[in-house]
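Worksheet for the structure shown next.
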């Protein structure tokens, strides 16, 4: 299978992620476009902003019909995020691609940690929470998240959803629906900033976008069938693996060849697996055989 065909096929996962969790599109899109499609880092980031923006705009429709969007909060957050995203896209032209990809990998690891830990307040919120969020905080958070989006093409839903959920206690379905409005607005603004210095392969971008839109429709259908907590944690560990992979690509080759690095990596990996196994064992009740007296 050619690189383009494989890219388009895997792009369905971008839409599935957006449809299910309201985020994660760029976290998948940028590595896919760089390491599978073979695009340069800045071109991949710009293309991912187009793909995620269009896919989010389509994915927002079923949430709007179901009343799962806080339009005032989403539009204000989105407008503030557009300012930050446009500035980030222009600023990215001055930053080396290696630094952008390193920042992208660190962003992936940070958001994956938040996903794995969960959002307890959001999960405990009720569907009756209808209040809009504080204006100044929404604007400040929107600018910061937008700047991150414009710079590295990431930080959309997995920063917006926690901000919306934890800031005002919005129920998770409403936070997810509202985040799609914000992601679409910020992605288009970030793309505008990139277009001044980056050329996009519109044919590839169009094919990837169509595949991602199909995936978003599939993700929307699956959303009610898969427990959100289980899916979020599984996806979080997947993002950790991808973040480590992208980060490793930025390490100089002589360092990667060092046996000390591989020994340290194996030790850390083994410790992580042991810790995860211990946590699972503590959570799972152990059946104790009945004793006779």
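With a Förster radius of 45 Å applied to the beta-carbon distance between residue 91 and residue 5, the computed FRET efficiency rounds to 0.85.
Want the number for residue 64 to residue 201: 0.36 nm per residue separation, take away the alpha-carbon distance, what's left?
46.2 nm
Counting every C-alpha pair in the stretch 3-250, the share spaced more than 29 angstrom apart comes to 19%. Calculated FRET efficiency, residue 117 and residue 72, Cβ-Cβ r, R0 25 Å, to nearest 0.05? Calculated transfer efficiency: 0.30. Exposure proxy shown here: for 82, 234, the number of other Cβ atoms within 10 Å sets the order, fewest to most, as 234, 82.
A short reminder: the numbers here are calculations on the coordinates, not readings from a lab. Not measured: the values here are computed from a predicted model. Glycine gets a Cβ as well: all are built from the backbone with ideal geometry, and neighbour counts include every protein chain shown.
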